[in-house]
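Here's the structure, in structure tokens; my notes come after.
The values are calculated or read from the model by the stated rules, or taken from the named source; none is laboratory data. These numbers were taken from a predicted model, which means no experiment stands behind them. Here Cβ is always computed from backbone atoms with ideal geometry, including for glycine, and neighbour counts include all displayed protein chains. Each accessible area value is taken on the protein alone, full model and side chains, heavy atoms only, with ligands, DNA and RNA left out. Shrake-Rupley method; radii C 1.70, N 1.55, O 1.52, S 1.80 Å.
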Amino acid sequence: MTRDMAVALLLMLSMIFGTGSEAEEAFDVRKHFSTVTRYGVVKDVPNNAYVPSSVPDGCTPIHLNLVARHGTRSPTKKRMRELENLASHIQELVKDAEEKNLAQNVPTWLRGWTSPWKGKVKGGDLISKGEDELYDLGIRSRERFPELFSQDYRSDIYTLKATQVPRAAASAVAFGMGLFSGKGTLGPGKHRAFAVTSESRASDILLRFHDCCENYKDFRKKQEPAVDKLKEPVLDEITGAIASRYKLNFTRQDTSSLWFLCKQEASLLDITNQACALFNPDEVALLEWTDDLELFILKGYGKALNYRMGVPLLKDVVESMEEAIQANEEKHPPGSNEKARLRFAHAETVVPFSCLLGLFLEGSEFEQIQREQPLPFPPKPPHNRNWRGSIVAPFGGNNMLVLYSCPANVSSKYYVQVLHNEHPTPMPGCGGADSCPFEVFKEKIAAPHLKHDYDALCNVKANRVEQSSMNTKLSALYRWLFPPGINEIGSHGNEL
């Protein structure tokens, strides 16, 4: 083979299979940050959890419920202090490496690194990227449902509610500015004033039910150490790998803090070539899994109380649809009844609400939930899983429940559709479709949860046997995933 022929063959192979660098570029670390993922990064990522719309032809939307998480925010004060402690320890590690003539492998950015949030006295607020996420969502909602948002604003037609936490309230304002832009007389954007209401944190069982549920707070306090224990083997494996790679004596806490820094730098500052570059894709996948596992156990399907305590919110949603149906049946004149109930809260709200709807379940898991049986935990990489925090509840993540009125030739007069992050998403209670008749939604999805009473769930002493069962399950998971002698990065246990 001549040299020219060899070059031509290499070019042809690179066009067909791509180069190694191109393959690496295909991995976007920003899509793997669990609940610290920015909305725009994952909103339109192809996902097998989404399906084509099944709403019958000729149906018209008559009401919309929105449950949205706040947009991208700055780290909390506690986490900012963690990053300042990390900065101090890194400088000690770099100095130690220099004294041992091992500093040639130390990434340049680590030398003299300080936290971008150093000196900040307050954290957790919505940042400009988060404002854009909710503002744009408001605009897209109006464009997608002109039948619902064509009327002039009135507080009883378009109800906006937020928790008392500033980032949630600010998200409601940003959404409303987008939704009602061009509808008023204020400024060049022709904005208009609108109301956002909140309940006291101490009594907000609609949007901050987790804060008012004593049994949940007790459960979480007891389980957090066990969840940390589950994460330790992954953190230890990765700590050993990056310590060897960069010749720095990292601790488990350093690895945890560097992963947190990676997520904050990439999501808030668009920096992916510093902390994130310390980890390879396999390590990122494992770290993401530990975040998703924690989300599942403490906020998701890991315990029925996690989502059952959201029954006041589910009840409010169902009642709003019943009121819309009644108004439609009685042929109320335009402008006389509510068209949208719009809520802005937190991951602790969106995740349980998604679970109440039965989203992101696999196989027979919906039937297990109906029988109040525990679910297996999300499988460890490289196994695939539906439960991904980056999809379930990214910054700005949301569920829309759209109520449709359908013509006489359709089997049911009213249909309910769920849109998760603006995409039709299957509900097992609706036979795996994204929509089903309202009565089916009530019977199959809502009723099994609504039979529970919030006060009984949250304020009656929790069953100690159930708590013991959870402890046993966590211990079994630990032994299954991390049997003695398994220390290789990327190793995995069987699917649970």
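Can you confirm whether the range 345-357 contains a residue that is closer than 21 Å to Val318 by Cα, at pLDDT 95 or above, in a helix (DSSP H, G or I) and open to solvent by 30 Å² or more (accessible area, probe 1.4 Å)?
yes
What number of residues in the range 77-117 are more than 26 Å from Gly396 (Cα to Cα) and of a type in the set (D, E, K, R)?
8
If you take the residues in the range 308-340 that are in contact (Cβ under 8 Å) with a residue 40 or more places away in the chain and not in a helix (DSSP H, G or I), which one is nearest to the chain's Cα centre (by Cα)?
The residue in question is Gly310.
Here is a list of conditions, (1) touching a residue at least 60 places away in the same chain (Cβ under 8 Å); (2) open to solvent by less than 10 Å² (accessible area, probe 1.4 Å); (3) not charged (D, E, K, R), and Ala275 meets all of them except one; can you say which number that is?
Checking Ala275 against (1) touching a residue at least 60 places away in the same chain (Cβ under 8 Å); (2) open to solvent by less than 10 Å² (accessible area, probe 1.4 Å); (3) not charged (D, E, K, R), the one that fails is (1).
Of the numbered conditions (1) over 23 Å from Val55 (Cα atoms); (2) surrounded by 16 or more Cβ atoms within 10 Å (Cβ to Cβ), Glu367 fails exactly one; give the number of that condition.
It fails just one condition, (2).
Scan the range 16-39 residue by residue and report those that are modelled with pLDDT under 95 and in contact with a Pro (Cβ under 7 Å, 6 or more places away or on another chain).
Quick first cut of the range 16-39, residues modelled with pLDDT under 95 only: 16-27.
The one that is modelled with pLDDT under 95 and in contact with a Pro (Cβ under 7 Å, 6 or more places away or on another chain): Phe27.
May I ask you to list pairs of residues, at least six apart or on different chains, whose Cβ atoms are under 9 Å apart, with the first in the range 36-53 being over 20 Å from Glu362 (Cα atoms) and of a type in the set (D, E, K, R) and the second being open to solvent by 70 Å² or more (accessible area, probe 1.4 Å) and in a helix (DSSP H, G or I)?
Sorted first by the residue in the range 36-53, then by its partner, the pairs are Arg38/Arg30.
Which residue out of Asp228, Asp236, Asp204 is open to solvent by 20 Å² or more (accessible area, probe 1.4 Å) and touching a residue at least 12 places away in the same chain (Cβ under 8 Å)? Let's see the steps before the verdict.
Numbers: Asp228 fails: touching a residue at least 12 places away in the same chain (Cβ under 8 Å); Asp204 fails: open to solvent by 20 Å² or more (accessible area, probe 1.4 Å).
Among Asp228, Asp236, Asp204, only Asp236 is open to solvent by 20 Å² or more (accessible area, probe 1.4 Å) and touching a residue at least 12 places away in the same chain (Cβ under 8 Å).
Against the condition in contact with a Gly (Cβ under 7 Å, 6 or more places away or on another chain) and over 30 Å from Gln264 (Cα atoms), how does Phe395 come out, does it pass?
Considered against the rule, which asks whether it is in contact with a Gly (Cβ under 7 Å, 6 or more places away or on another chain) and over 30 Å from Gln264 (Cα atoms), Phe395 comes out as no.
Would you pick out the residues in the range 207-250 that are touching a helix residue (DSSP H, G or I) at 6+ places or on another chain (Cβ under 8 Å), of a type in the set (Gly, Ala, Ser) and within 24 Å of Asp96 (Cβ to Cβ)?
Once the filter is applied, which keeps residues that are touching a helix residue (DSSP H, G or I) at 6+ places or on another chain (Cβ under 8 Å), of a type in the set (Gly, Ala, Ser) and within 24 Å of Asp96 (Cβ to Cβ), the range 207-250 yields only Ala241.
Hey, can you tell me all the residues within the range 43-59 that are open to solvent by less than 60 Å² (accessible area, probe 1.4 Å) and under 22 Å from Leu179 (Cα atoms)?
Across the range 43-59, the qualifying residue is only Lys43.
Taking the condition surrounded by 14 or more Cβ atoms within 10 Å (Cβ to Cβ), within 14 Å of Arg343 (Cα to Cα) and more than 19 Å from the chain's Cα centre (by Cα), does Leu160 pass?
Here the answer is yes, as Leu160 does meet what is asked.
Identify all residues within the range 182-201 that are touching a residue at least 40 places away in the same chain (Cβ under 8 Å) and in contact with an Asp or Glu (Cβ under 9 Å, 6 or more places away or on another chain); write none if there are none.
none
Just checking, does the range 389-411 include any residue being under 27 Å from the mean Cα position of the chain (by Cα) and modelled with pLDDT under 95?
no
Tally up the residues in the range 163-175 that are in a helix (DSSP H, G or I), touching a Lys or Arg at 6+ places or on another chain (Cβ under 9 Å) and open to solvent by less than 10 Å² (accessible area, probe 1.4 Å), please.
3
If you take the residues in the range 60-81 that are open to solvent by 10 Å² or more (accessible area, probe 1.4 Å) and free of Cβ contacts under 8 Å to residues at least 60 places away in the same chain, which one is nearest to Gly335 (Cα to Cα)?
Once the filter is applied, the top-ranked residue is Thr76.
Among the residues of the range 378-405, which ones are open to solvent by less than 10 Å² (accessible area, probe 1.4 Å) and over 30 Å from Leu126 (Cβ atoms)?
If the condition is that a residue be open to solvent by less than 10 Å² (accessible area, probe 1.4 Å) and over 30 Å from Leu126 (Cβ atoms), then Lys380 is the only one that fits.
Filter the range 183-201 down to the residues that are farther than 24 Å from Gln164 by Cα, open to solvent by less than 50 Å² (accessible area, probe 1.4 Å) and in contact with a strand residue (DSSP E or B) (Cβ under 9 Å, 6 or more places away or on another chain) and list them by number.
Scanning the range 183-201 gives a single hit, Gly184.
Looking at (1) modelled with pLDDT under 95; (2) open to solvent by 30 Å² or more (accessible area, probe 1.4 Å); (3) farther than 30 Å from Cys355 by Cβ, which one does Glu84 not meet, given that it meets all the others?
Among (1) modelled with pLDDT under 95; (2) open to solvent by 30 Å² or more (accessible area, probe 1.4 Å); (3) farther than 30 Å from Cys355 by Cβ, the lone unmet condition for Glu84 is (1).
Could you pull out the residue among Glu98, Glu147 that is open to solvent by 40 Å² or more (accessible area, probe 1.4 Å), part of a helix (DSSP H, G or I), modelled with pLDDT of 95 or more and among the acidic types (Asp, Glu)?
Within the list Glu98, Glu147, the selection yields Glu98.
Given the criteria closer than 27 Å to Glu323 by Cβ, surrounded by fewer than 18 Cβ atoms within 10 Å (Cβ to Cβ) and without any contact (Cβ under 8 Å) to a residue 24 or more places away in the chain, does Ala243 qualify?
The answer is no for Ala243.
Quick grid of which residues meet (1) polar (S, T, N, Q); (2) touching a Cys at 6+ places or on another chain (Cβ under 7 Å); (3) closer than 30 Å to Gln91 by Cα:
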| position | (1), (2), (3) |
| --- | --- |
| Ser155 | yes, no, no |
| Ala174 | no, no, no |
| Gly182 | no, no, no |
| His191 | no, no, no |
| Thr197 | yes, no, no |
| Lys217 | no, no, no |
| Phe250 | no, no, yes |
